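Worksheet for the structure shown next.
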Amino acid sequence: MTEEQKKLKRYVSGIERSLRLPLKTKARINHDLATEIQLLREQGMTAEEIIAQMGSPEEVADRFNEEMVAGASPKPGLFLGSGIFGFAAAGTCLELLPLWNPGLTFPPAWICALNALVLAGTARTALRRLRERKGIIRK
Amino acid sequence: MEQRFAQQIKKGVLDMIVLRLICEEDTYGYGLLQKLEQRGGGYFDLKEGTLYPVLYRLEDAGLIRSAWQASGERRAAPKKYYSATEAGRARYAEYRRVWSEFSACVERLCAEEETGEGEL
């Protein structure tokens, strides 16, 4: 790999690092920018000229972030998921009430297990979506 | 102030303009940037970060489709060409109709204001 290619590779990686978008979108952008850079190189432009034309990695990434975050609509499952999480959390609190009030009895074990599963599942999904939004993990 | 006004209008019509150019001829990302610069009268000198999100939006909505095509030149890398779908052509016609009505209305309103015919 030549110095020019290394410089452009670092440039595209710099853009990717500054993108605050899901990994799938980052990969799409990376691919398209790499193709465009290749085309500009075929037209005889140097790495410096390409970078000067496209802008600094932060400038390029900021434009994508601004355009794509502003145009994104919230996922339809978000409200449903929040509701299920809320019910499961409330259920857990009710299940634990006998700890403070000996007059009450604990619900059957299978109800507690089911509730714990739902709670863990929704919490896991919420965390995953949050991390995907920040581009930390793969979908 | 003038630049901000132009930016707002540009944002509103960008999907229509990009769709129009793709309906006209299959093209690739950088080709579109060049066409917009050549034909946009200085209003459509876009950067990659503005154009590609429009292309992604149009493609995800099924209005355009992309396909990799090898260039005729030897050793040249393949390019991702965008073409308009039937839904895309129909949507463009709809956008065009709305834009004609909208711009005619704005023209009428401004003419009324300038000649003092209407009450604004």
Filter result for B:GLY88 (in contact with a Leu (Cβ under 9 Å, 6 or more places away or on another chain), in a helix (DSSP H, G or I), at pLDDT 95 or above and crowded, with 16+ Cβ neighbours inside 10 Å): yes
Answer residue from the range B:34-50, given it is buried (at least 21 other Cβ atoms within 10 Å of the Cβ) and closer than 25 Å to B:ALA77 by Cα and is farthest from the other protein chains (Cβ to nearest Cβ) among those: B:GLU48
Only one of these is more than 12 Å from chain B (Cβ to nearest Cβ), surrounded by 13 or more Cβ atoms within 10 Å (Cβ to Cβ) and not in a helix (DSSP H, G or I): A:PRO102, A:PRO107. Name it. A:PRO107
Quick check on B:ALA77: is it within 9 Å of chain A (Cβ to nearest Cβ) and surrounded by fewer than 20 Cβ atoms within 10 Å (Cβ to Cβ)? yes
Matching residues in the range B:32-70 (assigned to a helix (DSSP H, G or I) and without any contact (Cβ under 8 Å) to a residue 12 or more places away in the chain) number 8
State all residues of the range B:99-115 that are under 17 Å from the mean Cα position of the chain (by Cα) and surrounded by 11 or more Cβ atoms within 10 Å (Cβ to Cβ); if no residue qualifies, say none. B:TRP99, B:PHE102, B:SER103
From (1) exposed (fewer than 13 other Cβ atoms within 10 Å of the Cβ); (2) within 11 Å of another protein chain (Cβ to nearest Cβ), pick out the condition that doesn't hold for B:TYR56. (1)
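The values are calculated or read from the model by the stated rules, or taken from the named source; none is laboratory data. In this text the structure is predicted, and so the values were computed from the model without any measurement. Please note: Cβ atoms are built from the backbone with ideal geometry, for glycine as well, and neighbour counts cover all protein chains shown.
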